[in-house]
Every structure is written in C-alpha cells, then in structure tokens.
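The structure appears right after this line, and notes come after that.
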Amino acid sequence: KYQITGTVSVEGVPEGFKDLVPVYADFGKGRLAMIGRLPFSGPASRPLSLEVKLPEKPKRILVNARHEVLSRDN
C-alpha cells in the first residue's frame, strides 16, 4: 500500500461550482490509473490523503491529468 498526501486547490470558479476532481497514479510510458476523486464545491483548497494498493511504485501523482474538469494551463 502507498500513502499519498498533499493539497489540491480549485481556483477561478464560481461559488456554485461542484465537481469531482480525479487523482491519478502515473506509472510511466503512458500508463495512468485513476486512484480517487476529490469532491469540490466552489473555490477551495483541501488536503489529499489516500492509502491505496498499487501494482508498483508510481513515478508521480497527477490531479486532473486528462482534463476531465475544466482547466487552463499556466
């Protein structure tokens, strides 16, 4: 099992915004696995704390990797 922690922020959205923001494990070579979704309501920051069983150690953890939720690149 792997313990994944961090903070996820949603900014620039109206107060009425509601969505589930996906979290992925990236195993390299284009292999992504969704490991969770974080519920958000309006602009906010919230802690991420997941304990997940994975087939191998991920290279990195990504949020909204496939742009399922509206986003902009900075």
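The values are calculated or read from the model by the stated rules, or taken from the named source; none is laboratory data. Just so it is clear, the structure is predicted and the values come from calculations on it, not from any experiment. Methodologically, a virtual Cβ is constructed for each residue, glycine included, from the backbone with ideal geometry; neighbour enumeration extends over all protein chains shown. The accessibility values were calculated without ligands, DNA or RNA, using every heavy atom of the protein model including side chains. Shrake-Rupley method; radii C 1.70, N 1.55, O 1.52, S 1.80 Å.
Could you please find all residues in the range 20-33 being within 16 Å of VAL8 (Cα to Cα), surrounded by 13 or more Cβ atoms within 10 Å (Cβ to Cβ) and not hydroxyl-bearing (Ser, Thr, Tyr)?
Keep residues of the range 20-33 that are within 16 Å of VAL8 (Cα to Cα), which gives 20-25.
Next, from what is left, pick out any that are surrounded by 13 or more Cβ atoms within 10 Å (Cβ to Cβ): 21-25.
Across the range 20-33, the qualifying residues are VAL21, PRO22, VAL23, ALA25.
Name the residue that is most open to solvent (accessible area, probe 1.4 Å), counting only residues in the range 37-70 that are among the small types (Gly, Ala, Ser) and not in a strand (DSSP E or B).
Residues of the range 37-70 that are among the small types (Gly, Ala, Ser), as a first pass: 41-42, 44-45, 49, 65.
Now drop any that are not not in a strand (DSSP E or B), which leaves 42, 65.
On the way: GLY42: 0, ALA65: 34 Å².
Across the range 37-70, the extreme among qualifying residues is ALA65.
Just to be sure I understand, how many residues within the range 34-46 are in contact (Cβ under 8 Å) with a residue 24 or more places away in the chain and more than 14 Å from THR5 (Cα to Cα)? First the steps, then the outcome.
Residues of the range 34-46 in contact (Cβ under 8 Å) with a residue 24 or more places away in the chain: 35, 38, 40-46.
Cutting the leftovers down to more than 14 Å from THR5 (Cα to Cα) gives us 40-44.
Residues flagged as in contact (Cβ under 8 Å) with a residue 24 or more places away in the chain and more than 14 Å from THR5 (Cα to Cα) within the range 34-46 amount to 5.
In the range 8-19, what count of residues is obtained for those that are loosely packed, with under 15 Cβ neighbours inside 10 Å and under 12 Å from the mean Cα position of the chain (by Cα)? Steps first, answer last, please.
Taking the range 8-19 as the starting set, the residues that turn out to be loosely packed, with under 15 Cβ neighbours inside 10 Å are 9, 11-12, 14-16, 18.
Still in the running and under 12 Å from the mean Cα position of the chain (by Cα): 9.
Total meeting the criteria: 1.
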